[in-house]
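Report on the following structure.
The values are calculated or read from the model by the stated rules, or taken from the named source; none is laboratory data. Predicted model only: the values in this text are computed from it and were never measured. Ideal geometry is used to build each Cβ from the backbone, glycine not excepted, and the neighbour counts take in all protein chains shown. Ligands, DNA and RNA are stripped out before the accessible areas are found, and what is left, the full protein with its side chains, is counted by its heavy atoms. Shrake-Rupley method; radii C 1.70, N 1.55, O 1.52, S 1.80 Å.
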Amino acid sequence: AQSVTQLDSQVPVFEEAPVELRCNYSSSVSVYLFWYVQYPNQGLQLLLKYLSGSTLVKGINGFEAEFNKSQTSFHLRKPSVHISDTAEYFCAVSGHDYKLSFGAGTTVTVRA
Amino acid sequence: GAVVSQHPSRVICKSGTSVKIECRSLDFQATTMFWYRQFPKQSLMLMATSNEGSKATYEQGVEKDKFLINHASLTLSTLTVTSAHPEDSSFYICSARGSEGNEQFFGPGTRLTVL
(Lines give C-alpha, C1' and ligand atoms only; values in the text may rest on other atoms or scores of the structure.)
Protein backbone atom coordinates (compact mmCIF):
# COMPACT_ATOMS: atom_id res chain seq x y z
CA ALA A 1 0.00 0.00 0.00
CA GLN A 2 1.05 3.56 -0.59
CA SER A 3 0.49 6.73 1.40
CA VAL A 4 1.12 10.41 0.86
CA THR A 5 1.93 13.19 3.27
CA GLN A 6 1.55 16.81 2.26
CA LEU A 7 3.50 18.76 4.78
CA ASP A 8 1.75 22.10 4.40
CA SER A 9 -1.99 22.43 4.82
CA GLN A 10 -2.06 26.09 3.85
CA VAL A 11 0.39 28.18 1.87
CA PRO A 12 -0.24 31.91 1.54
CA VAL A 13 1.91 33.56 -1.10
CA PHE A 14 2.14 36.92 -2.80
CA GLU A 15 1.54 37.29 -6.50
CA GLU A 16 4.68 36.80 -8.63
CA ALA A 17 6.49 35.12 -5.73
CA PRO A 18 7.71 31.52 -5.99
CA VAL A 19 5.89 28.70 -4.27
CA GLU A 20 6.85 25.18 -3.23
CA LEU A 21 4.39 22.56 -2.06
CA ARG A 22 5.92 19.61 -0.28
CA CYS A 23 4.90 16.01 -0.76
CA ASN A 24 6.40 12.86 0.69
CA TYR A 25 5.25 9.35 -0.06
CA SER A 26 5.77 5.89 1.31
CA SER A 27 5.59 2.72 -0.68
CA SER A 28 7.15 -0.71 -0.77
CA VAL A 29 6.96 -0.86 -4.56
CA SER A 30 7.77 1.44 -7.43
CA VAL A 31 5.19 4.13 -7.80
CA TYR A 32 3.69 6.68 -10.08
CA LEU A 33 3.35 10.19 -8.69
CA PHE A 34 0.90 12.93 -9.56
CA TRP A 35 -0.03 16.47 -8.68
CA TYR A 36 -3.60 17.62 -9.19
CA VAL A 37 -5.27 21.00 -8.77
CA GLN A 38 -8.86 21.48 -7.67
CA TYR A 39 -10.79 24.70 -7.99
CA PRO A 40 -13.87 25.23 -5.78
CA ASN A 41 -16.71 22.82 -6.51
CA GLN A 42 -14.86 21.26 -9.40
CA GLY A 43 -13.16 17.98 -10.15
CA LEU A 44 -9.44 17.47 -10.34
CA GLN A 45 -7.14 18.61 -13.11
CA LEU A 46 -3.80 16.94 -13.65
CA LEU A 47 -0.86 19.31 -13.32
CA LEU A 48 1.91 16.81 -13.93
CA LYS A 49 2.94 13.22 -13.38
CA TYR A 50 6.06 11.14 -12.87
CA LEU A 51 6.03 7.66 -14.31
CA SER A 52 9.70 7.01 -15.06
CA GLY A 53 12.72 8.64 -16.65
CA SER A 54 13.82 12.18 -15.91
CA THR A 55 13.26 13.12 -12.31
CA LEU A 56 12.36 16.70 -13.18
CA VAL A 57 8.86 16.84 -14.54
CA LYS A 58 7.31 19.87 -16.15
CA GLY A 59 3.58 20.34 -16.17
CA ILE A 60 0.91 22.79 -17.18
CA ASN A 61 0.62 26.39 -16.05
CA GLY A 62 4.35 26.71 -15.36
CA PHE A 63 4.47 24.09 -12.61
CA GLU A 64 7.25 21.55 -12.21
CA ALA A 65 8.11 18.85 -9.72
CA GLU A 66 11.16 16.81 -8.89
CA PHE A 67 11.08 13.16 -7.97
CA ASN A 68 13.63 12.31 -5.31
CA LYS A 69 13.70 8.59 -4.66
CA SER A 70 16.19 8.71 -1.78
CA GLN A 71 14.06 11.23 0.08
CA THR A 72 10.77 9.76 -1.17
CA SER A 73 9.64 13.23 -2.12
CA PHE A 74 7.84 14.83 -5.04
CA HIS A 75 7.73 18.57 -4.31
CA LEU A 76 5.84 20.91 -6.59
CA ARG A 77 7.22 24.30 -7.54
CA LYS A 78 6.29 27.35 -9.52
CA PRO A 79 8.72 30.26 -9.90
CA SER A 80 6.07 32.98 -10.11
CA VAL A 81 2.46 32.53 -9.10
CA HIS A 82 -0.66 34.31 -10.30
CA ILE A 83 -3.90 35.11 -8.55
CA SER A 84 -5.49 32.37 -10.67
CA ASP A 85 -3.26 29.77 -9.00
CA THR A 86 -5.35 30.07 -5.86
CA ALA A 87 -6.72 26.56 -5.43
CA GLU A 88 -6.37 23.27 -3.60
CA TYR A 89 -3.45 21.09 -4.63
CA PHE A 90 -3.28 17.35 -4.12
CA CYS A 91 -0.31 15.06 -4.36
CA ALA A 92 -1.18 11.46 -5.21
CA VAL A 93 0.58 8.14 -5.61
CA SER A 94 -0.41 4.92 -7.28
CA GLY A 95 1.10 1.53 -7.77
CA HIS A 96 0.61 -0.72 -10.74
CA ASP A 97 -3.04 -1.26 -9.76
CA TYR A 98 -3.71 2.37 -10.79
CA LYS A 99 -5.49 3.12 -7.52
CA LEU A 100 -4.70 6.63 -6.36
CA SER A 101 -3.94 7.54 -2.77
CA PHE A 102 -4.21 11.24 -2.14
CA GLY A 103 -2.55 13.51 0.34
CA ALA A 104 -4.64 15.75 2.55
CA GLY A 105 -4.22 18.67 0.20
CA THR A 106 -2.57 22.08 0.35
CA THR A 107 -4.58 25.26 0.05
CA VAL A 108 -2.67 27.89 -1.89
CA THR A 109 -3.90 31.45 -1.51
CA VAL A 110 -2.27 34.01 -3.77
CA ARG A 111 -2.56 37.61 -2.66
CA ALA A 112 -1.88 40.75 -4.65
CA GLY B 1 -7.65 15.53 -23.82
CA ALA B 2 -9.96 12.91 -22.43
CA VAL B 3 -13.23 14.22 -21.03
CA VAL B 4 -15.30 12.73 -18.25
CA SER B 5 -18.73 14.05 -17.39
CA GLN B 6 -20.93 13.55 -14.36
CA HIS B 7 -24.63 14.01 -14.00
CA PRO B 8 -26.18 15.59 -12.09
CA SER B 9 -23.78 18.24 -10.86
CA ARG B 10 -25.92 18.89 -7.80
CA VAL B 11 -28.73 16.93 -6.21
CA ILE B 12 -30.82 17.50 -3.12
CA CYS B 13 -32.94 14.65 -1.84
CA LYS B 14 -34.95 13.64 1.17
CA SER B 15 -33.66 11.17 3.70
CA GLY B 16 -34.56 7.60 2.76
CA THR B 17 -34.61 8.11 -0.97
CA SER B 18 -32.11 6.75 -3.49
CA VAL B 19 -29.97 8.85 -5.78
CA LYS B 20 -28.21 7.78 -8.97
CA ILE B 21 -25.10 9.54 -10.24
CA GLU B 22 -23.81 8.94 -13.75
CA CYS B 23 -20.21 9.06 -14.89
CA ARG B 24 -19.45 9.04 -18.61
CA SER B 25 -16.24 9.02 -20.59
CA LEU B 26 -17.07 11.15 -23.62
CA ASP B 27 -14.23 10.53 -26.03
CA PHE B 28 -12.55 7.34 -24.91
CA GLN B 29 -13.39 3.89 -23.67
CA ALA B 30 -12.93 3.54 -19.94
CA THR B 31 -11.95 0.05 -18.94
CA THR B 32 -11.75 1.14 -15.32
CA MET B 33 -13.71 3.74 -13.44
CA PHE B 34 -13.15 4.90 -9.89
CA TRP B 35 -15.52 6.53 -7.44
CA TYR B 36 -14.29 8.91 -4.78
CA ARG B 37 -15.90 10.76 -1.94
CA GLN B 38 -14.73 14.11 -0.67
CA PHE B 39 -15.88 15.82 2.52
CA PRO B 40 -15.52 19.58 2.86
CA LYS B 41 -11.95 20.72 3.22
CA GLN B 42 -10.72 17.15 3.02
CA SER B 43 -9.00 14.91 0.54
CA LEU B 44 -10.51 12.38 -1.84
CA MET B 45 -11.17 8.94 -0.49
CA LEU B 46 -11.44 6.05 -2.92
CA MET B 47 -14.73 4.24 -2.49
CA ALA B 48 -14.61 1.61 -5.20
CA THR B 49 -13.09 0.52 -8.46
CA SER B 50 -15.24 -0.77 -11.27
CA ASN B 51 -14.25 -2.60 -14.41
CA GLU B 52 -16.61 -2.88 -17.33
CA GLY B 53 -18.75 -5.98 -17.15
CA SER B 54 -17.64 -7.09 -13.71
CA LYS B 55 -18.53 -6.38 -10.11
CA ALA B 56 -17.04 -3.38 -8.42
CA THR B 57 -14.30 -3.75 -5.84
CA TYR B 58 -15.04 -1.75 -2.73
CA GLU B 59 -12.51 -0.26 -0.37
CA GLN B 60 -12.51 -1.27 3.25
CA GLY B 61 -15.28 0.36 5.20
CA VAL B 62 -17.46 1.18 2.18
CA GLU B 63 -20.85 -0.55 2.26
CA LYS B 64 -21.47 -2.18 -1.08
CA ASP B 65 -25.19 -2.47 -0.43
CA LYS B 66 -25.34 1.23 0.35
CA PHE B 67 -23.33 2.41 -2.62
CA LEU B 68 -24.32 0.38 -5.67
CA ILE B 69 -21.98 0.66 -8.61
CA ASN B 70 -22.74 -0.49 -12.11
CA HIS B 71 -20.30 -0.33 -15.00
CA ALA B 72 -22.50 -1.55 -17.80
CA SER B 73 -20.53 -0.21 -20.74
CA LEU B 74 -17.10 1.11 -21.60
CA THR B 75 -18.35 4.68 -21.34
CA LEU B 76 -20.78 4.64 -18.43
CA SER B 77 -20.62 3.87 -14.75
CA THR B 78 -23.32 4.70 -12.22
CA LEU B 79 -23.23 5.13 -8.47
CA THR B 80 -26.51 4.73 -6.63
CA VAL B 81 -26.70 5.90 -3.05
CA THR B 82 -29.49 3.83 -1.57
CA SER B 83 -31.67 4.99 1.32
CA ALA B 84 -29.64 8.15 1.61
CA HIS B 85 -29.17 9.82 4.99
CA PRO B 86 -27.75 13.22 5.89
CA GLU B 87 -24.34 11.68 6.66
CA ASP B 88 -24.14 10.63 3.00
CA SER B 89 -24.06 14.27 2.00
CA SER B 90 -20.77 14.78 0.24
CA PHE B 91 -19.02 15.58 -3.01
CA TYR B 92 -18.78 12.48 -5.18
CA ILE B 93 -16.18 12.40 -7.92
CA CYS B 94 -15.61 9.76 -10.55
CA SER B 95 -12.57 9.14 -12.69
CA ALA B 96 -11.91 6.96 -15.68
CA ARG B 97 -8.89 5.20 -17.10
CA GLY B 98 -8.50 3.86 -20.61
CA SER B 99 -6.96 0.56 -21.58
CA GLU B 100 -3.52 2.11 -21.85
CA GLY B 101 -1.68 4.60 -19.71
CA ASN B 102 -1.61 5.36 -16.04
CA GLU B 103 -3.64 8.53 -15.93
CA GLN B 104 -7.09 8.87 -14.48
CA PHE B 105 -9.34 11.53 -15.93
CA PHE B 106 -11.67 13.11 -13.42
CA GLY B 107 -15.25 14.18 -13.72
CA PRO B 108 -16.42 17.55 -12.37
CA GLY B 109 -18.07 15.99 -9.34
CA THR B 110 -21.60 15.73 -7.95
CA ARG B 111 -22.65 17.57 -4.82
CA LEU B 112 -25.17 15.44 -2.90
CA THR B 113 -27.18 17.02 -0.10
CA VAL B 114 -29.53 14.79 1.88
CA LEU B 115 -32.10 16.62 3.96
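Do you know which residues across the range A:4-31 are among the hydroxyl-bearing types (Ser, Thr, Tyr) and within 12 Å of A:Ser73 (Cα to Cα)? Residues satisfying the conditions are A:Thr5, A:Tyr25, A:Ser26, A:Ser27.
The strands (runs of 3 or more DSSP E) found entirely in the range B:1-45 that carry 1 or more residues being within 13 Å of chain A (Cβ to nearest Cβ) and buried (at least 17 other Cβ atoms within 10 Å of the Cβ) are B:4-7, B:19-25, B:32-38. Go through the range A:4-56 residue by residue and tally those that are modelled with pLDDT of 95 or more, over 11 Å from the mean Cα position of the chain (by Cα) and of a type in the set (A, V, I, L, M, F, W, C). Number of matching residues: 6. Quick one: is B:Gln60 open to solvent by 20 Å² or more (accessible area, probe 1.4 Å), touching a Ser or Thr at 6+ places or on another chain (Cβ under 8 Å) and not in a strand (DSSP E or B)? Criteria not met by B:Gln60. Within the range A:20-52, if we keep just the residues that are in a strand (DSSP E or B), open to solvent by less than 20 Å² (accessible area, probe 1.4 Å) and among the aliphatic types (A, V, I, L, M), the residue that is farthest from the other protein chains (Cβ to nearest Cβ) turns out to be A:Leu21. Annotation: B:Gly16 fulfils all but one of (1) modelled with pLDDT of 95 or more; (2) in contact with a strand residue (DSSP E or B) (Cβ under 8 Å, 6 or more places away or on another chain); the unmet one is (2).
Within the range B:77-111, how many residues are of a type in the set (Lys, Arg) and within 16 Å of B:Leu26 (Cβ to Cβ)? Can you show your working first?
In the first step, residues of the range B:77-111 are kept if they are of a type in the set (Lys, Arg); the result is B:97, B:111.
Narrowing the set further to residues that are within 16 Å of B:Leu26 (Cβ to Cβ) leaves B:97.
Final tally of qualifying residues: 1.
Scanning the range A:64-76 for residues that are part of a loop (DSSP other than H, G, I, E, B) and hydrophobic (A, V, I, L, M, F, W, C) yields a count of 0.
Mind listing whichever residues of the range A:77-96 are part of a loop (DSSP other than H, G, I, E, B) and closer than 21 Å to A:Asn24 by Cβ? If the condition is that a residue be part of a loop (DSSP other than H, G, I, E, B) and closer than 21 Å to A:Asn24 by Cβ, then A:Gly95, A:His96 are the ones that fit.
Among the residues of the range A:87-112, the ones that are under 14 Å from the mean Cα position of the chain (by Cα), more than 8 Å from every other protein chain (Cβ to nearest Cβ) and hydroxyl-bearing (Ser, Thr, Tyr) come to 3 in all.
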